[in-house]
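Enquirer: Have a look at the structure that comes next, please.
Read-outs throughout are calculated quantities, based only on the coordinates presented, and are distinct from any laboratory measurement. The shown structure was predicted, so the numbers you read here are calculated from the model rather than taken from an experiment. Every residue, glycine among them, receives a Cβ derived from its backbone with ideal geometry; neighbour counts consider all protein chains shown.
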Amino acid sequence: MDRKEWIRKDLRHCWHPYTQMSSLVSDPPLLIERASGLFLHDAEGNRYYDAVSSWWCVVHGHGHPRIREAVARQMEVLDHVLFAGATHAPAVRLADRLASLAPEGLSRVFFSDNGSTAVEVALKMSLQYWRNVGKEGRTAFLCLDRGYHGDTTGCMSVSGVEAFLRAFRPILFPARRVPAPYCYRCPEGREYPACGVSCLGALETALREGGDTVAAVILEPLLLGAGGMIVYPPEYLSGAARLARAHGAHLILDEVATGFGRTGTMFACGQAGVSPDFLCLSKGLTGGTMPLAATLTTAEVYNAFLGAPDSGKTFYHGHTYTANPVGCAAALASLDLFEEEKVMDRVALLAPRLADGVRALAELPMVGDVRHIGMVAALELVRDKGTKEALPGTDPVFREIRREGLRRGLFLRPLGNVVYLFLPLSVTREDLDDILDRFGETLRAVLR
């Protein structure tokens, strides 16, 4: 079939995520035929830098031969087996690797298949832990008003991006939201670092008022992804961990997007010296090649689920593809690549260049704030720089930025009023300079 026929069939049958489908009639989706390294290749022979890592998951570039070979080898031996009453070497090896890489104390690994389920597992484990230890009253969760943790019901309940929640309010459980540490739009009208991260006061108040009803605090460490690529100070994260512990609540850290080197360290929480009670991982876990997720927790939490078969303490949760052997093989190969290709050394060298490149765009019209951490950079667009009035995410300028990016060989996907780069960690200095040039040209062409 030619491109037009593929698109016609797509529009007849496919329903795309986070997409107003009527808009695809005049602005059809790209027909991507293949991917290699940093590039997506369409059906007409054009190639585009995958500047958003295909929704933040591609780590080592597309089609890395080491991961491809690991997947092929595993398929020849064991494609899948249920993980209830059976086990296999790839899962055992991966659990051992993750426990050795994770912050201190996270020795137990529960596998699932995507970021939402990794978080859902943590929420349910925390809730049942308190029931198992005789503290049934701890059922409340605290979260950030700009946080995002996934699209399953529990995850939405502890998220704060209203556009994603509005239609589903009737099925969500109540959670208390506190103002996010959003320095550009400080909830207290102050400036960092002179503020002393005083926005922690709202979390402290919520914990104090919640008392012994609070099961857990959940946060994305250092970078609020879908909430607007908001980068916040490590002091907030360390303070939040301290407050959660002081009030006897669990700390759940959602590193689905920030894990595996994105922020400059293997896990973002390491920059704040924080070890949570639950660590949620997915996206980059397999290098972005296979669906797989993991929720890491402590021996204390794990031990609270031990008991007689009729004790009621069993964690009744599971997924068909829990610890899928092929996904585990991909993840192990990805972790090997971090060492073999010295990925974190490369990130340390290139992150300052990315920061410099986007800071140079701060003077453009409509650019209100420039944010960056590791290999992530974002520009928040506003109507008025003085008042910081946000440019609506529905403004035509964002569609034009996407189109102009494609014309210049960049695959971008603006997020609300934020235009961002979320780059594969396999990027070289030459690649990065080229991407920054194209990104700058795109924005200058649109934001005249």
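Enquirer: With θ set to phi - 60°, apply the Karplus curve 6.51 cos²θ - 1.76 cosθ + 1.60 along the stretch 191-204 and write out the HN-Hα couplings as whole Hz, x wherever there is a Gly or Pro.
Expert: 10, 7, x, 4, 5, x, 6, 5, 5, 4, x, 5, 5, 4
Enquirer: Using a ≥ b ≥ c from the Cα gyration tensor of the stretch 23-162 (square roots of the eigenvalues), is it rounded, prolate or oblate, where a/c under 1.5 gives rounded and otherwise the larger of a/b and b/c decides, a/b for prolate?
Expert: The shape class here is oblate.
Enquirer: Identify, among Gly287, Gly259, Leu224, the residue whose Cα sits farthest towards the positive end of the charge dipole of the stretch 67-339, taking +1 on the Cβ of Lys and Arg and -1 on the Cβ of Asp and Glu, with the dipole about the Cα centre.
Expert: Farthest along the dipole direction, towards plus: Leu224.
Enquirer: Per the helix-only calculation at 222 nm, which mean residue ellipticity applies to the chain, given -39500 (n - 2.57) for every DSSP H run of n ≥ 4 and division by its residues, nearest 500 deg cm²/dmol? Let's see the in-between values first.
Expert: Values: 14 runs with 160 residues, N = 448.
Roughly -11000 deg cm²/dmol at 222 nm, from the helical runs in the chain.
Enquirer: So for each of 306-312, 350-356 I average, over its residues, the number of other beta carbons within 10 Å; can you give me the resulting order with the highest mean first?
Expert: Averaged packing, sorted descending, gives the order 350-356, 306-312.
Enquirer: What is the dipole size for the stretch 74-184, taken about its Cα centre, with +1 at each Lys and Arg Cβ and -1 at each Asp and Glu Cβ, in debye to the nearest 20?
Expert: Details: 12 positive and 10 negative charges, 113 e Å.
Roughly 540 debye, rounded to the nearest 20.
Enquirer: Let me ask something else. Kirkwood hydrodynamic radius, the stretch 69-148, all distinct C-alpha pairs: what's the number in Å?
Expert: 15.7
Enquirer: Sticking with this one: What percent does the relative contact order of the stretch 369-448 come to when contacts are Cα pairs within less than 8 Å and at least six residues apart?
Expert: It comes to 32 percent, rounded to a whole number.
Enquirer: Taking the Cα centre of the chain as origin, sum charge times position over the Cβ atoms of Lys and Arg (+1) and Asp and Glu (-1), and report the length of that vector in debye to the nearest 20.
Expert: The dipole of the chain has a size of about 620 debye.
Enquirer: Another question about this same structure. For the charge dipole of the stretch 127-206, defined by +1 on Lys and Arg C-beta atoms and -1 on Asp and Glu C-beta atoms about the Cα centroid, which residue among Pro187, Leu142, Leu172 has the Cα displaced farthest towards the positive pole?
Expert: The one lying farthest along the dipole's positive direction is Leu172.
Enquirer: Ok, one more. What does the charge count around Pro365 come to, taking other residues whose C-beta lies under 11 Å from its C-beta (Lys +1, Arg +1, Asp -1, Glu -1)?
Expert: Net charge around Pro365: +2.
Enquirer: As a footprinting exposure proxy, order Glu255, Glu389 by other Cβ within 10 Å, with the fewest listed first.
Expert: Numbers: Glu255 30, Glu389 11.
With the fewest neighbours first, Glu255, Glu389 line up as Glu389, Glu255.
Enquirer: Then there is this: Rounded if a/c is under 1.5, else prolate if a/b beats b/c, else oblate: with a ≥ b ≥ c from the C-alpha gyration tensor eigenvalues square-rooted, which is the stretch 318-402?
Expert: Oblate shape, in that a/c is at least 1.5 and b/c is the bigger or equal ratio.
Enquirer: Whole-Hz Karplus ³J(HN,Hα) for the stretch 170-187, in order, using 6.51 cos²θ - 1.76 cosθ + 1.60 and θ = phi - 60°, x for Gly and Pro?
Expert: Coupling constants for the stretch 170-187: x, 9, 8, 8, x, 9, 8, 9, 10, x, 6, x, 9, 4, 5, 10, 3, x Hz.
Enquirer: Sticking with this one: For the stretch 277-403, what is the relative contact order in percent, using Cα pairs closer than 8 Å and at least 6 residues apart in sequence?
Expert: It rounds to 14 percent for the stretch 277-403.
Enquirer: Then there is this: Of all DSSP beta bridges in the stretch 67-339, what percent run antiparallel (nearest 5)?
Expert: Counting DSSP beta bridges with both partners in the stretch 67-339, the antiparallel share is about 50 percent.
Enquirer: Averaging sequence separations of C-alpha pairs under 8 Å and six or more residues apart, then dividing by the length of the stretch 67-339, give the relative contact order as a whole percent.
Expert: Relative contact order comes out at 29 percent.
Enquirer: Please sort 160-167, 407-414 by packing, taking for each peptide the average over its residues of neighbouring beta carbons within 10 angstrom, highest first.
Expert: 407-414, 160-167
Enquirer: Rounded to the nearest Å, what's the spacing between the alpha carbon centres of the stretch 97-161 and the stretch 204-279? Just the number, please.
Expert: Cα centres, the stretch 97-161 to the stretch 204-279: 12 Å.
Enquirer: Cβ under 11 Å from Gly405's Cβ, Gly405 left aside: what net charge do those residues give with Lys, Arg +1 and Asp, Glu -1?
Expert: +4
Enquirer: Would you grab the residues whose amide H sits under 5 Å from the one on Leu144? Only those 5+ places off in sequence or on another chain, please, with H modelled 1.01 Å from N.
Expert: Val178
Enquirer: When the Karplus curve 6.51 cos²θ - 1.76 cosθ + 1.60 is applied with θ = phi - 60°, which whole-Hz ³J(HN,Hα) does each residue of the stretch 154-160 get, with x for Gly and Pro?
Expert: These are the phi-based 3J(HN,Hα) values: x, 4, 4, 4, 9, 9, x Hz.
Enquirer: Further, regarding this structure: Which net charge results for the neighbourhood of Asp145, defined as the other residues with beta-carbon distances under 13 angstrom from its beta-carbon, given Lys and Arg at +1 and Asp and Glu at -1?
Expert: Summing Lys and Arg as +1 and Asp and Glu as -1 gives +2.
Enquirer: Just for the Cα atoms in the chain, what are the lengths along the principal axes, largest first, rounded to whole Å?
Expert: Largest first, the chain extends 64, 59, 45 Å along its Cα principal axes.
Enquirer: By count of other Cβ within 10 Å, fewest leading, how are Met229, Met1, Met366 ordered?
Expert: Met1, Met366, Met229
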